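Beneath this line is the structure, given in structure tokens, with notes to follow.
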Amino acid sequence: MTTPEHAPALRPREEWLLEVVEAFDVAPRLRRVVFTAAHLDELHYQPGQALVLRMPLPEGGTGRRDYTIRWLDRATQRLAIDFVQHGSAPAAGWARAARAGDTILAAGPRGRTVIAAEADWHLFAADETGMPAVLHMLEAMPAGAPAFAWFEVDGSRNQMLVTTQANATIAWVHRDGARPGPGTLLLDAVAAFVLPPGRGQAYLVAETSNVRALRQHLIGRGMDRSQIRSEGYWRPGRIGGHDHVDD
Ligand SMILES: Cc1cc2nc3c(=O)[nH]c(=O)nc-3n(C[C@H](O)[C@H](O)[C@H](O)COP(=O)(O)OP(=O)(O)OC[C@H]3O[C@@H](n4cnc5c(N)ncnc54)[C@H](O)[C@@H]3O)c2cc1C
């Protein structure tokens, strides 16, 4: 059968009514919620991309919250999201209380923090909010690709298993009880690293001021802005939202 030339092109689906299948802790500060939805096999995304959840708010109505697709299994129509447990805020609390059968609307996928396949090497820096994106990107990288990743977590109990075929060097930096947020842990770790030869690509996904400091540091060391994908995933006092760090 042929399609008439004037037929409108089919637009990819953009909205998903996610239904909770199960929820459990994957680390003390990280709760995984596994969802199902009709047509999830039609969700096409790149590792690192996120969905915008329409999160119920205590005062009524909903607010937008961005959450990374941790994995998608098209065969079983299941998708997982890892929620940082940072307190009693709407999204963190929703994940803590999620039970099988609960539903939430999601839109997407969205986001530009995806692997730049042409790079000679890859540098990742993330806190717990960026960890789902970086872990998924590492899983999808081609065998042998040189990758260097720094993860800032509260302590060793919040470290996750890294599965990758890349030639990856992984480092964990611990806050050891200090509050998450503005600080120099990731910056100090990356500053001590000798950048490899060739054209690299950096992916910085964490608290906004830390991402900005890392970006400026890498620019100062000669990386071009086009070689740095940097997004502020949260910031003290910010409610939901998204900071593109492009300066
Ligand atoms: C593209 C993108 C992808 C993201 N992916 C993930 C993901 O996969 N998993 C994930 O957990 N987060 C992720 N985030 C971050 C998440 O969207 C924010 O942390 C969001 O603000 C949480 O919503 P909330 O309702 O829990 O808190 P909000 O109501 O937004 O904020 C309430 C208070 O909590 C503070 N706060 C928010 N987040 C944190 C935090 N992590 N630590 C400490 N204080 C915080 C805020 O500054 C504010 O003062 C992502 C963000 C973006 C932009």
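The values are calculated or read from the model by the stated rules, or taken from the named source; none is laboratory data. Just so you know, these numbers come straight off a predicted model, no measurement behind them. Please note: Cβ atoms are built from the backbone with ideal geometry, for glycine as well, and neighbour counts cover all protein chains shown. The area values use the complete protein model at the heavy-atom level, side chains included, leaving out ligands, DNA and RNA. Shrake-Rupley method; radii C 1.70, N 1.55, O 1.52, S 1.80 Å.
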Test result for residue 92, open to solvent by less than 20 Å² (accessible area, probe 1.4 Å), of a type outside the set (Lys, Arg) and outside the structural domain of residue 190 (by TED's automatic domain parsing): yes
Just one listed residue, out of 128, 42, is within 8 Å of the ligand (Cβ to nearest atom) and among the charged types (D, E, K, R), and it is 128
If we keep only residues of region 66-89 that are of a type in the set (Ser, Thr, Tyr) and part of a strand (DSSP E or B), then the residue surrounded by the most Cβ atoms within 10 Å (Cβ to Cβ) is 68
Looking at (1) surrounded by fewer than 17 Cβ atoms within 10 Å (Cβ to Cβ); (2) away from the ligand (no atom under 16 Å from the Cβ); (3) modelled with pLDDT of 95 or more, find the lone condition where residue 247 falls short. (3)
Note down all Cβ pairs under 6 Å where the first residue falls in region 225-247 and is farther than 18 Å from residue 179 by Cα, the second is within 6 Å of the ligand (Cβ to nearest atom), and they're at least six residues apart or on different chains. 240/65; 242/66
Cβ-Cβ under 6 Å, sequence separation 6+ or interchain: first residue in region 62-76 and more than 8 Å from the ligand (Cβ to nearest atom), partner among the charged types (D, E, K, R) and in a strand (DSSP E or B). Which pairs? 62/54
One residue from 184, 163, 208, 169 being open to solvent by 40 Å² or more (accessible area, probe 1.4 Å), modelled with pLDDT of 95 or more, among the hydroxyl-bearing types (Ser, Thr, Tyr) and under 20 Å from residue 83 (Cα atoms): 163
